[in-house]
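In what follows, a structure is listed as C-alpha cells, so that the remarks can point back to it.
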C-alpha cells in the first residue's frame, strides 16, 4: 500500500480541539514519544467537551488527569493536545457537526472514521507517535482501519476508565492508535501493565466466515494477501471457521443477532448514563447524533434482560472455544472509509452501520482484545485486518502483532 | 446465632432516603419479591443524592433507571425505595453526617457498615427481600457481615454499572444483599444472566492464613465452627494456605501491600472521577468524608504506575493459582461491627480501616466474586465468613453458597 510520507500541519489535519505541551512527569518506556488525547478523556486544567460545546459549557474544568493520561505521562510520554471526537462518542463517522472532520491523510475525500476521529488523524498525519481514544462499539478500531494505522481495543476492564466520560460502561474501553507495532506494544504495555512477549507460539488462527461474508468483495480480495502471509508465517495454522462451531445455536451464526444484542445493551446504557443530561440541558446536536439519542431514548427497555442473557451465553461460548493462544481473524470494517457526507442522518437505514457494528460487536460481546493491522488497501484506500485473542490475553495478542508486523509488513 | 424475628418499621430502620412503590415491569424469577436501591444508583423520576445533599442539588432528576434496576423490575421485582449511603460511597462506616445511621438490627449500638448502609439495614430489618448496593472496596461485603445477612460482590465487569455514579471504575461493582441464599441466587442470576448450578463439585477451599492473622482473635474463634462444617461437607477439601503459595514475591504475603496497591489505584480514580465536582461545587461533607477526599486529592500520583503493575501481577498470580472450582476463604471483616461513633475522623490512624480494607482488597485486585455468609457471631454480634471464587465463576460460587446454606445453616 502507499505509505505517504507527506507531512501535515496541525491546522491541515483538523485533528485537534486544542494543542499545548504537557511534559513527561517521569521517565520510562515512552521517553521521547509525543501523544494526543481524545477530548472525552480528562486532562487537568482543561475543559472536556466530548465533542459538543453544550457538554463543555455545562461541566467544570478537570482538576485531575484521567488515570490513563497520568500513566502515559509518568512513563515518559509528552502530551501535545486534545483531539476531536464525534459528539459524546456516539458515531463511527468522524464528521463532527461543531468541530469539523479531521483529515484522513490516506484518502482526503473520505471520513477518518469515529468516534476517535482526531486521535486517528493525528497519528496518521504523523503529528504524534501515538494517541489514545475510547472504543465502545468500534471507535478506535474503525478509524484506525480507515486511516491505515494500528489500533487496539483492549480486553474490557483492563485499562482504567477513571476520568473518561462514561458512555456504555459494559463496553467502554480506552484504546490506542500507533503508527508502528513497536509503539503500539510500548504504549499498551504501559496502560495494561503487562510485558509483551518477544516470541509467541500461535495456536489456531480462526478466520471467521460470517465476518468476511458481510464485507465488500473488494475488501475480501484485499485481505486475502495478508491472510496468506499469515498462513505462511504461522505454519499453516490459519483455518476457516463458522460461528456455528462456537455454539450450535443457529442464531449465533447470524452476526445480525450479535449486533442486536450489542446495540440493545449499548443503547440502554447510553440513555442511563447520558439521558438525564440530554433532557436537562437540551443541547444542540448535529442531525446524526440527535437521531442517535432518539434511538436510545425510545428503546424498548423490556429487551434488556434477553440481550444481557444472550450476551453472556455468547461470551461463555467464545471463552470455551478460544484457547489461550488462539486468534480470531476478521475484517476490521466492511468497507474502506465511506466518502465524506455519504452516511446520511439515520444509521438504521444505511448499509454501512449494521455491517460495521456487526463486526465490532464480536470483541464487545466477547470482552476480547482486538488489534487492527494496516495490512491492505483497495485502490490505495486502507482497510485493516483484525486479530482478536481470548479475554485477558492482550500481551499475547500484542506479541503476535509484533511478529506479524516484522514478518509481513516487509513483504507488502 | 440469634436470629431476631422482631419486625421494624421503615422509620425505625432509618434505612431509607425515600420510599415509594415501583411495580414490576415484567414477570420472572423475582415475582413477589420487594427490593430497595442504594441512593447512588439512578431511579427514573428521582434525584440521586449519593448520600450528600450538595450532590443531589447539583444534578438533575434521573430520566432513566440504571440498567440493573430495569433488570430487576423486568424480572418481576417490586422496588419500594432508595436507601441511605455513605457520602459518595466513600466509607465503610454507615454513619452519614446528613442522613443519619441506618439501624443495625442485630446490634443497635453498632454501625450497620457502609457505604451501602441503608440497603444492608433494610434487608436485615426485614423490610425488603433483597437490596442492591455498590461495592468498590467492601461497601456490600462489610455491611452484610455487620448486619448478619448474605452479601455478594460479583466478578468485576459482569453486572452493568450504567446509571450508577462512577467512583473508582477499576473496582466499582453492583452487589446484592439478601436474607437467604435462595433469594441471593435468584437476584444474582438475573443481574449476571447466569444459571446457578443445583449441584457443584468443590475443588480445594483455601483458608488464607494471612487474612485470619489480621482478624480479631474472637472473630477467628467464631469462624472456626463454620469452617469445620465446611471441612465436613466438602469431604476434607479445606486446606490452610499462605499467599506465598500464589507467588513467591515476599511482599505478596503481606496484605498491607495488597491494601496499598488497592488504595493507590482507588484514590487516584476517585479524584479523577469526582475531583472536578468537589472543587467546583465545594460541597459540605461530614468530617470523615472531607478527610477522605483530602487523601485522594493529595495522593502522589507518581505511585499509580507501580500500583497498577503490582495489581496486574497479583491478578495473574491469583488466576494461575485458583482452579475453576477452587475457593478462597477469609473473614469478611477483621472484627464485628464497630460501636457507633468509635471510628474517628481519620481512617489512616485507626486500626479498623487498614485491616478491613486489606481483606476486601483481595477480591478487588483479583477481580474475583465474593459472597459473605452470615454463619457466625461473637456474643450475638454477627461476623461473616467469605468465600471467593475465580474470576468469572460467579454462578459456581452461588451454587456453593446454596449448598452450604442448606447443609450448614441448619446445624447452627
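Rule-based calculations on the coordinates, nothing more; no lab input. This structure is a prediction, so every number in the text was calculated from the model and none was measured. Note that each Cβ is placed from the backbone with ideal geometry, even for glycine, and that neighbours are counted across all protein chains shown.
Across chain A, Cα pairs under 8 Å and at least six residues apart give a relative contact order of 19 percent.
Peptide A:300-309 is shielded by partner chain Cβ atoms: per residue, an average of 5 of them sit within 10 Å of its Cβ.
Mean partner shielding of peptide A:182-195, defined as the number of other chain Cβ atoms within 10 Å of each residue Cβ, is 2. Take the Kirkwood radius over Cα pairs of chain B, plug it into Stokes-Einstein at 20 °C and 1.002 mPa s, and you get 103 µm²/s for translational diffusion.
Beta bridges assigned by DSSP with both partners in the protein assembly as shown are antiparallel in approximately 65 percent of cases. DSSP finds beta bridges in chain A, and of those with both partners inside it, around 65 percent are antiparallel. Per residue of the protein assembly as shown, the DSSP helices (runs of n ≥ 4 H) give a summed -39500 (n - 2.57) that works out to -11500 deg cm²/dmol at 222 nm.
Residue and distance for the chain A Cβ closest to the axis that moves A onto B, in whole Å, come to A:157, 2.
Peptides B:278-287, A:18-27, B:101-110 ranked from most to least packed give B:101-110, B:278-287, A:18-27, packing being the mean of other C-beta atoms within 10 angstrom over each peptide's residues. Projecting 7 Å from Cα along the Cα-to-Cβ direction, the label point of residue B:251 sits 4.8 nm from its equivalents in the other copies, listed shortest first.
With its label point put 7 Å out from Cα toward Cβ, residue B:306 sits 5.4 nm from the same residue's point in the other copies, in order from shortest.
Summed over all non-identical Cα pairs, the Kirkwood treatment of the protein assembly as shown gives a radius of 26.7 Å.
Note on B:391-398: average number of Cβ atoms from other chains within 10 Å of each residue's Cβ is 1. Across all C-alpha atoms in the stretch A:10-192, the radius of gyration and Dmax reach 14.2, 40 Å.
When the inverse distances between all different Cα atoms of the stretch A:147-233 are averaged and flipped, the Kirkwood radius reads 15.8 angstrom.
Distances from residue A:351 to itself in the other copies, using label points 7 Å out along the Cα-Cβ axis, amount to 7.3 nm in increasing order. The alpha carbons of the stretch B:276-412 stretch over 52, 39, 26 Å along the principal axes, in descending order. So if the hydrodynamic radius of the stretch B:81-149 is defined as the Kirkwood radius over C-alpha pairs, what does Stokes-Einstein give as its diffusion coefficient at 4 °C and 1.567 mPa s, in µm² per second? After rounding, the answer is 116 µm²/s.
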